[in-house]
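Some notes on the structure that comes next.
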Amino acid sequence: MVGISATATQRRRYLDRYADGFHISARRKQKAEILAETLAALLPDADALELVDFGCADGAVPVLMLHGPLGARIRRATGITLLDYNDLPDKPAHQHQRFLRTIGDLEGSLEHLTLPWGACDAVTATAFFHYCDQPDIPFAHAAKLLKPGGYLLAGMPAPWVLKLRSRGIPGVLPRNGRIRTIVPLDLYRRLAAAFGLVEVSRQAVQWAGTEWTTGLERTLRHAHFPYFGAQHLVVYRKAGEETAPADTADTDFHRLLDGLAGR
Ligand SMILES: C[S@@+](CC[C@H](N)C(=O)[O-])C[C@H]1O[C@@H](n2cnc3c(N)ncnc32)[C@H](O)[C@@H]1O
């Protein structure tokens, strides 16, 4: 795996950054900051960036990015989301003149939507893929949206975290019944590769959790397990036209899953 060109100091910050408790707005602020830092490192010279955010909910993360230091370099951020459990129709979306929220199903066809097909510098997707039954479909959309050389930045919880959250712990952690897919990050790597999205880096990030869990994570990393993390930021790069995916690459998620299980 090739490391992205973030500086050593930036990498240390990802590893050591504490989430600050249960406040969802604070987590989103951290997500926006880390995504913006990563994009700035990946695309140091690009201007007028075209971004799309998958599963944007109320748009807090892209709008925070627009308000942050990268904001002046973003031409437009388009969020795509379902209106569902946490995005009730009467809950207003965050506003910014260069943010556009589009309601759509990323597991369905997006052809009826006006989107910057083939013109995106980056697609972001935090806390999103595990809510899909068919994550191959949003990977296909990302590949179609991105320019060659563009990036998909995916925030992926580790499978053990998703198992815990999906089952819950009585009296401690409420059950999350909306999680649909729990697979190793290596399966996402293979799936993405089938659409010409090459995984270029995978880093532990601390943008969720409580102080004691993030403290424990940090201790474990510093002690013995440098890659241990509850959450990862995975960066995929869209291959250039010269390395388009082979026709034979398997894009069927459930067949890949069966293969993984040795069936
Ligand atoms: C946990 S929220 C994450 C919100 C935001 N990305 C963040 O990191 O804070 C997951 C979002 O994904 C959206 N979502 C789930 N499945 C989707 C689908 N098939 N198409 C579009 N949006 C979807 C949900 O509506 C929800 O807003």
Ranked on Cβ counts within 10 Å of their own Cβ, fewest leading, Cys56, Cys132, Cys120 go Cys132, Cys120, Cys56
Surrounding charge for Cys132, neighbours by C-beta under 12 angstrom, Lys/Arg +1, Asp/Glu -1, total -2
Restricting to lysines and to Cα separations under 23 Å from Lys238, and discarding same-chain partners fewer than 8 apart, the set is Lys31, Lys144, Lys147
When Ser201, Ser166, Ser109 are arranged by how many other beta-carbons sit within 10 Å of their Cβ, fewest first, they go Ser109, Ser166, Ser201
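Values in this text are rule-based calculations from the coordinates and carry no lab data. No experiment lies behind these values; they were computed from the predicted model shown. Cβ: placed from backbone, ideal geometry, glycine included. Neighbour counts: every protein chain shown.
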